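Visitor: Starting off with a structure, shown below.
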Amino acid sequence: MTVPVPLLHTTMLLDDRLRGMPPGTSDLAISEISACGWHPADGAMSLPVLTLDLAAYAHNRDAMLRYAREQGVAMAPHAKTPMAPDLAADLVRAGAWGTTVADIRQATVMLRAGLHRLILANGIGGRGGAGRLAALLRDHPAAELYLFVDSTAVIDALAAVWATEPTLAPLRLLVEVGAARGGARDMAAARAIIAAIQATEGRLRLAGVGSYEGAATQPTPERTEVVHTALFQLAADVLAEVRASVGPGEPLVLTVGGSLFFDRVLAALKPVAAADGATTLVLRGGAIFFHDHGVYQRGLAALDARHGFVLGGEVASAGQVFRPALRVWAEVLSRPEPDLAVCGLGMRDVASDQDLPQPLTLFRDGAPAGALSGIASVTKLNDQHAFMELTSGVDVRVGDVVEFGLSHPCTSIDLYRFILGVDEAGIVRTAFPTFFG
């Protein structure tokens with residue numbers, strides 16, 4: 001296992017004001033962490049704390065990038081999941097085409113870390129957003145940034161700002177089509193966007209088509225498939241319009257695909273990109289590299305039911321290939337009732353928007369003391385407390401440490417300023433700064 005080397009360890013120091021750091025820690029460089037020998041259950045670290053299993057992350061990284069290579073498509077993993085430029089850079093070094101961000105500030109974080117090929121897969125608003133984007137690109141002239149646009153209003157705002165910025169390169173724009181969130185809903189709206197871009201006389205550049213299918217998920221798989229099919233057909237039709245507008249041979253980007261429906265994206269749009277001959281199909285999944293014990297685990301089970309994951313030319317189980325890499329650790333604070341343990345873990349420490357954390361393993365005196373899956377469950381979270389219901393007779397004591405799996409990585413990681421990377425034995429080896437703002 002190769003540990004991703006943090007880009008920022010020479011300038012960012014840790015101390016005991018941060019989650020996980022033992023009392024008395026002061027000005028500790030990330031490069032010095034590995035020698036400390038800490039384990040989240042050893043009693044020294046301040047809990048609760050979030051950890052990343054480095055081997056599981058590396059396994060997920062290699063599996064997903066291998067899948068993309070074998071399918072002949074590119075990946076720009078969405079950085080909003082960890083907002084850790086060190087991990088984004090690691091994915092690019094491992095073969096990712098670029099990085100995806102959700103707003104101008106996230107783009108700033110990645111550009112300052114040296115990641116220059118970005119997809120900004122979201123709207124930026126009007127004249128104010130256009131001005132901020134211009135200021136950012138003025139400071140980063142080497143940036144290759146692709147921006148989602150879904151209205152003529154934003155084209156007008158961008159064109160007005162770019163007209164005052166003669167030194168800026170033409171901005172690459174992706175016509176966004178969508179369902180249930182942003183994006184042009186029909187060909188008439190898309191054609192108006194294309195015409196508005198072409199009318200800027202080269203200040204703005206028509207660079208392809210973008211979309212996101214995850215927001216279009218419906219209450220039933222059957223309805224979801226119907227909506228996705230229509231969305232992918234609209235993306236294909238708009239790409240044809242873009243191609244007709246820019247002419248043959250001009251490189252274009254077609255980007256669709258999060259962490260759960262990329263198989264459908266490839267089935268519908270890989271032939272479209274291949275037939276065009278000069279279009280790169282780019283997937284943008286981000287959570288797949290971290291996975292979880294909840295919403296994404298169920299999503300991969302659904303993907304497997306579609307027989308949608310193929311490695312080495314054979315159908316494989318995505319649910320078995322990808323490994324949950326994130327854990328949250330907390331102490332048992334109280335045993336007020338025979339079937340209840342109260343742990344020091346709450347809504348300020350772990351995601352609760354899509355499932356509650358799952359108790360996995362009990363540790364006592366720093367050593368594993370038994371599995372909790374199936375015999376313990378979190379039924380409620382307060383700000384700082386988790387209410388863990390126990391099967392009769394389960395031996396859980398005050399001072400024990402519980403290793404929890406989580407659901408929805410995005411809304412767990414954003415509670416932490418650092419992600420602590422652990423080895424196969426659970427020893428902390430490094431830390432990845434996060435930049436959620």
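The values are calculated or read from the model by the stated rules, or taken from the named source; none is laboratory data. Small disclaimer: the values here were computed from a predicted structure and weren't measured. Because the Cβ atoms are built from the backbone with ideal geometry, glycine has one as well, and the counts that use them run over all protein chains shown. Each accessible area value is taken on the protein alone, full model and side chains, heavy atoms only, with ligands, DNA and RNA left out. Shrake-Rupley method; radii C 1.70, N 1.55, O 1.52, S 1.80 Å.
Visitor: Which ones in region 204-262 are hydroxyl-bearing (Ser, Thr, Tyr), closer than 23 Å to VAL154 by Cβ and either out of contact with any Lys or Arg (no Cβ under 9 Å at 6 or more places or on another chain) or assigned to a helix (DSSP H, G or I) (or both)?
Guide: Within region 204-262, SER211, SER245 meet the criteria.
Visitor: When you go through ALA215, ALA240 one by one, which is the residue that is more than 27 Å from MET110 (Cβ to Cβ), surrounded by fewer than 18 Cβ atoms within 10 Å (Cβ to Cβ) and hydrophobic (A, V, I, L, M, F, W, C)?
Guide: ALA240
Visitor: Taking the condition out of contact with any helix residue (DSSP H, G or I) (no Cβ under 7 Å at 6 or more places or on another chain) and closer than 23 Å to ALA56 by Cβ, does GLY312 pass?
Guide: yes
Visitor: Are any residues in region 313-345 open to solvent by less than 50 Å² (accessible area, probe 1.4 Å), part of a loop (DSSP other than H, G, I, E, B), of a type outside the set (Phe, Trp, Tyr) and farther than 17 Å from THR361 by Cβ, and if so, which ones?
Guide: Residues satisfying the conditions are ALA316, SER317.
Visitor: Could you check THR200 against (1) out of contact with any Lys or Arg (no Cβ under 8 Å at 6 or more places or on another chain); (2) more than 27 Å from ARG127 (Cβ to Cβ); (3) surrounded by 14 or more Cβ atoms within 10 Å (Cβ to Cβ) and say which number it fails?
Guide: The single condition THR200 does not satisfy is (2).
Visitor: From ARG117, ARG127, grab the single residue that is in contact with a strand residue (DSSP E or B) (Cβ under 6 Å, 6 or more places away or on another chain) and open to solvent by 40 Å² or more (accessible area, probe 1.4 Å).
Guide: Going through ARG117, ARG127 in turn, just one is in contact with a strand residue (DSSP E or B) (Cβ under 6 Å, 6 or more places away or on another chain) and open to solvent by 40 Å² or more (accessible area, probe 1.4 Å): ARG117.
Table: residues versus (1) surrounded by fewer than 23 Cβ atoms within 10 Å (Cβ to Cβ); (2) aliphatic (A, V, I, L, M); (3) not in a helix (DSSP H, G or I).
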site: GLY131; (1), (2), (3): yes, no, no
site: ALA135; (1), (2), (3): yes, yes, no
site: TYR146; (1), (2), (3): no, no, yes
site: PRO166; (1), (2), (3): yes, no, yes
site: ALA179; (1), (2), (3): yes, yes, yes
site: GLY182; (1), (2), (3): yes, no, yes
site: ALA192; (1), (2), (3): yes, yes, no
site: ALA195; (1), (2), (3): yes, yes, no
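Visitor: Exactly one of (1) open to solvent by less than 50 Å² (accessible area, probe 1.4 Å); (2) assigned to a strand (DSSP E or B) is unmet by GLU389. Its number?
Guide: For GLU389, the exception is condition (1).
Visitor: Which condition breaks for LEU13 when tested against (1) more than 15 Å from ILE427 (Cβ to Cβ); (2) surrounded by 15 or more Cβ atoms within 10 Å (Cβ to Cβ); (3) of a type in the set (A, V, I, L, M, F, W, C); (4) free of Cβ contacts under 8 Å to residues at least 60 places away in the same chain?
Guide: For LEU13, the exception is condition (2).
Visitor: Still on this structure, please answer the following. Out of (1) touching a helix residue (DSSP H, G or I) at 6+ places or on another chain (Cβ under 8 Å); (2) over 27 Å from ALA102 (Cβ atoms), what's the single condition that is false for ALA318?
Guide: (2)
Visitor: Kindly provide the set of residues from region 392-423 that are closer than 25 Å to LEU340 by Cβ, out of contact with any Asp or Glu (no Cβ under 9 Å at 6 or more places or on another chain), open to solvent by less than 20 Å² (accessible area, probe 1.4 Å) and assigned to a strand (DSSP E or B), ordered by number.
Guide: PHE404
Visitor: I'd like the full set of residues that are among the hydrophobic types (A, V, I, L, M, F, W, C) and without any contact (Cβ under 8 Å) to a residue 12 or more places away in the chain, limited to region 316-351.
Guide: Matches in region 316-351: ALA316 only.
Visitor: Give me the pairs, please: first residue somewhere in region 179-195 and in contact (Cβ under 8 Å) with a residue 12 or more places away in the chain and within 14 Å of TYR212 (Cβ to Cβ), second residue anywhere and in a helix (DSSP H, G or I) and open to solvent by less than 40 Å² (accessible area, probe 1.4 Å), beta-carbon distance under 7 Å, and either six or more positions apart or on two chains.
Guide: ALA179/ALA216; ALA179/VAL227; ALA179/LEU231; ALA180/ALA215; ALA180/ALA216; ARG181/ALA215; ALA184/ALA190; ALA184/ILE193
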